[in-house]
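Let me begin by presenting the structure, written as structure tokens, before commenting on it.
Please treat every number below as a calculation from the coordinates, not as lab data. Computed from a predicted model, the values in this text were never measured in an experiment. Glycine gets a Cβ as well: all are built from the backbone with ideal geometry, and neighbour counts include every protein chain shown.
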Amino acid sequence: MCTRVQKRGTYTVDPIDNNESTFSKILIANRGEIACKIIDSSKKMGIQTVAVYSIADVQSKHVSKADEAIFIGPAAASESYLNMDKILEAVKLTGAEAVHPGYGFLSENAQFVRLLEENGVSFVGPSVESITGMGDKLESKRLAANAGVHTIPGYDGIIKDADHCVQISREIGYPVMIKASAGGGGKGMRIARDDQDARAGFKLSTQEAMSSFGDSRMLVEKFIDNPRHIEIQVLGDKHGNAIYSNERE
């Protein structure tokens with residue numbers, strides 16, 4: 001075991017043990033830089049990799065870096081990287097034992113994780129329960145409220161359409177933030193300062209959320225001007241190991 005000292009504390013890191021039991025082959029359900037990083041790490045661990053790609057990514061670097069590459073469909077993410085059946089088909093075709101989702105796409109989709117489990121395929125990521133509770137904005141707000149944690153004023157029910165979004169926005173009070181419940185990375189988000197913004201923002205965010213995450217559910221909450229983003233990241237695994245990092249802003 002090696003120990004590394006940081007200015008604000010000490011943490012330990014276990015070196016990679018090539019004799020430790022792990023997967024022999026994984027499929028990476030992503031593209032671009034994150035897929036390349038996963039491939040590089042897998043090679044260091046002696047794990048074979050399977051890349052998937054759409055017609056738009058035929059010449060992408062992750063396709064040539066992986067040990068195998070499977071074509072999964074058209075350029076639209078909804079028909080390729082978000083297509084659970086296509087991903088599962090690629091897993092079965094190559095004999096991959098696990099799927100590494102990277103980030104975005106299906107990485108926080110509980111339905112996808114459940115599908116893999118039903119087919120005896122491991123998911124390199126959170127459990128269905130964790131994703132359902134924290135990966136989905138609507139569910140995480142309800143979970144926080146039930147735990148007595150203060151949350152930003154908003155609406156966590158089903159928003160029927162653009163007119164309903166306007167009604168909710170008025171009740172909360174402008175400005176509001178319209179967000180994709182399953183979203184991340186800033187996708188599917190719009191600030192609305194009046195009825196016109198709310199109506200247009202709902203339509204655009206819904207379309208973007210559906211194309212990026214395969215989930216069009218929205219939430220509306222009060223927009224905070226000039227906020228501070230302070231977080232403490234916690235990492236845990238299924239073996240009961242957990243660590244937390246220093247706060248970051």
Under a Gaussian network model of the chain whose springs join Cα atoms within less than 10 Å, the largest fluctuation of 223, 105, 202 belongs to 223
Return 161, 85 ranked ascending by Cβ neighbour count within 10 Å, so the fewest neighbours appear first. 85, 161
Could you tell me what % of all Cα pairs in the range 151-249 have separations over 20 Å? 45 percent
Stokes-Einstein, Kirkwood over Cα pairs, the chain, 25 °C, 0.890 mPa s; D in µm²/s equals 121 µm²/s
Would you be so kind as to identify which of 95, 229, 75 lies farthest towards the positive end of the dipole of the chain, taking Lys and Arg as +1 and Asp and Glu as -1 on Cβ and the Cα centre as origin? 229
Per-residue ellipticity at 222 nm for the chain, helices alone: DSSP H runs ≥ 4 residues times -39500 (n - 2.57), over residue total, nearest 500 deg cm²/dmol? -9500 deg cm²/dmol
Stokes-Einstein at 37 °C, 0.692 mPa s, Kirkwood radius from Cα pairs: D for the range 76-157 in µm² s⁻¹? 233 µm²/s
Based on the alpha-carbon set only, what is the convex hull volume of the range 22-132 divided per residue, in Å³? 88 Å³
Gaussian network model of the chain, Cα springs within a sub-10 Å range: biggest mean-square fluctuation belongs to which of 234, 113, 121? 234
